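Undergrad: I'd like to ask some things about the structure below.
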Amino acid sequence: MKLLPLLLPVALLAALPPTHANDWLTCAGISDGTERLDCFDQKAKQFANPVQLQSPPPVPYTVPATASPEPPVASAAQRAEAQPSEITRFWDLEHATARDNFELRAYRPVSLSVVGGHPVNTLPDSPAPGRTPSEARPYQPGEVKINLSVRTKVASGLLRGGDDPLRDSIWFGYTQQSYWQLFNGEISRPFRNTDHEPDLTYVFPHFIALPGGWTYRLSAAGVVHQSNGQSLPLSRSWNRAFVMGAADKIADNGDRFTLQARVWRRMDEKPDKDDNPDISDFVGRGEIVGRWSFDSGVGTDKTLHTLGLALRHSLRSSGRGSARLDYLRSIGRADTGLRFHAQLFSGYGDSLIDYNRRRTVFTAGLSLVDW
């Protein structure tokens, strides 16, 4: 009967694609029976709860006759093996680690931040008739930015189901961003602009090995609506259809890298209904987003750091678009989701009301991610 716990991981190893086979081989290479079973237990826990990073597998350690015992230290390769793919976990690409449909999840960071932006758009304009107000408003450069973002998986296993370890899925997401003139008592502290962005995304999983240790994880397609919910002359809105691809890499030292590319096409509108006919020339038609996550410290003192860079471009000779640099640092326990968040944005489209106004915006505050 003692062979049964060993046969189960071997069976899983045979059924999984090469990416996961490499995960289990870390345990299979341990010679000591007890330590090998402990390693397989760690892997089972990782697949049962992918949101929480599990400890690295144990390292065989023999105490020399003349030395005092010291705790084993995992190698860089073993630390990397113990980390789940962030893209796989985020999009529920594997049946073994997927969560239920219609659970409320985090999407983009939920944040409360203080903002300083230049220039301040006191008179929003658009080439569409009736979309430019007659008077400027005395807005201040200092604001508060509130971001809310949630999503849920509405269906899975449409094209990849049954015994297939991978799962395709459909997701509905909603993101809201508000600029609040909290410090502007002269005009009763209004919300200068609030953008609403629902989207529907179909995700198809892949595990394709790429050069340099990267793995291509998914292809996706979807539609996005974005509007600021205001009446004329301040109404701004547009609809897009997009395609997307994403890849990631786990380095030998445990650092995680992700890369996502997305291009979109604006859906046509009737001229008399179009609030911003030139928005694609300013905000862009495609983007590349890269992230680097790494840890400092150990145990309860571990701190999670994330650096992100997003580049948007109009894909035209005008060369308009934007660049956004993000830094997040965990506060307290690294797995609680609370982060210090700083962001620097430069370009067009920080908000819909500013879609054709070039701005530089610095943001600092608190964010919740991965809750």
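Undergrad: Does PRO129 satisfy the condition of being touching a Lys or Arg at 6+ places or on another chain (Cβ under 8 Å) and either within 15 Å of ASP354 (Cβ to Cβ) or part of a loop (DSSP other than H, G, I, E, B) (or both)?
TA: Spelling it out, it is not the case that PRO129 is touching a Lys or Arg at 6+ places or on another chain (Cβ under 8 Å) and either within 15 Å of ASP354 (Cβ to Cβ) or part of a loop (DSSP other than H, G, I, E, B) (or both).
Undergrad: Also, I was wondering about something else. Kindly provide the set of residues from the stretch 353-371 that are of a type in the set (A, V, I, L, M, F, W, C) and within 25 Å of THR152 (Cα to Cα), ordered by number.
TA: The answer is LEU366, LEU368, VAL369, TRP371.
Undergrad: Something else about it: For the stretch 311-322, state whether one or more residues are under 27 Å from VAL120 (Cα atoms), touching a residue at least 40 places away in the same chain (Cβ under 8 Å) and assigned to a strand (DSSP E or B).
TA: So far as the stretch 311-322 goes, no, none of its residues is under 27 Å from VAL120 (Cα atoms), touching a residue at least 40 places away in the same chain (Cβ under 8 Å) and assigned to a strand (DSSP E or B).
Undergrad: Taking interchain pairs and intrachain pairs at least six residues apart, which have beta carbon atoms under 8 angstrom, with the first residue in the stretch 163-179 and under 18 Å from ASP100 (Cβ atoms) and the second outside any strand (DSSP E or B) and basic (Lys, Arg)?
TA: Correct list of pairs: LEU166/ARG160; ARG167/ARG160; ASP168/ARG160.
Undergrad: Among the candidates ASN239, ASN253, ASN228, single out the residue that is of a type in the set (S, T, N, Q), surrounded by fewer than 18 Cβ atoms within 10 Å (Cβ to Cβ) and in contact with a helix residue (DSSP H, G or I) (Cβ under 7 Å, 6 or more places away or on another chain).
TA: ASN253
Undergrad: Suppose we filter the stretch 135-154 for residues that are more than 17 Å from TYR107 (Cβ to Cβ) and in a strand (DSSP E or B); how many remain?
TA: 3
Undergrad: A further question on this structure: Can you name the residue in the stretch 107-120 that is of a type in the set (A, V, I, L, M, F, W, C), buried (at least 17 other Cβ atoms within 10 Å of the Cβ) and touching a residue at least 40 places away in the same chain (Cβ under 8 Å) and, of all such residues, is farthest from TYR139 (Cα to Cα)?
TA: Applying the filter and picking the extreme gives VAL110.
Undergrad: While we're on this one: In this structure, is PHE257 more than 30 Å from ASP281 (Cβ to Cβ), at pLDDT 95 or above and assigned to a strand (DSSP E or B)?
TA: Criteria met by PHE257.
Undergrad: Restrict the check to the stretch 268-291 and report whether at least one residue is part of a strand (DSSP E or B) and more than 19 Å from the chain's Cα centre (by Cα).
TA: Within the stretch 268-291, not a single residue is part of a strand (DSSP E or B) and more than 19 Å from the chain's Cα centre (by Cα).
Undergrad: Among what's in the stretch 332-371 and is charged (D, E, K, R) and crowded, with 17+ Cβ neighbours inside 10 Å, pick the residue that is farthest from THR122 (Cα to Cα).
TA: ARG339
Undergrad: If ALA310 satisfies all but one of (1) in contact with a Leu (Cβ under 9 Å, 6 or more places away or on another chain); (2) loosely packed, with under 15 Cβ neighbours inside 10 Å; (3) small (Gly, Ala, Ser), what's the number of the condition it fails?
TA: That leaves (2) as the condition not met.
Undergrad: If you take the residues of the stretch 164-194 that are of a type in the set (Val, Ile, Thr) and assigned to a strand (DSSP E or B), which of them is surrounded by the most Cβ atoms within 10 Å (Cβ to Cβ)?
TA: Taking the candidates together, the pick is THR175.
Listed here are the residues, each with its yes/no results for (1) more than 30 Å from THR122 (Cβ to Cβ); (2) assigned to a loop (DSSP other than H, G, I, E, B).
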position	(1), (2)
GLY222	yes, no
HIS225	no, no
SER231	no, yes
SER235	no, yes
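Undergrad: Next question, about the same structure. Filter the stretch 311-349 down to residues that are under 24 Å from ARG131 (Cα atoms) and modelled with pLDDT under 95, then give me how many there are.
TA: Here the count works out to 1.
The values are calculated or read from the model by the stated rules, or taken from the named source; none is laboratory data. The model shown is predicted, which means the values in this text are computed figures rather than measured ones. Note: ideal-geometry Cβ built from the backbone for every residue, glycine included; neighbour counts use all protein chains shown.
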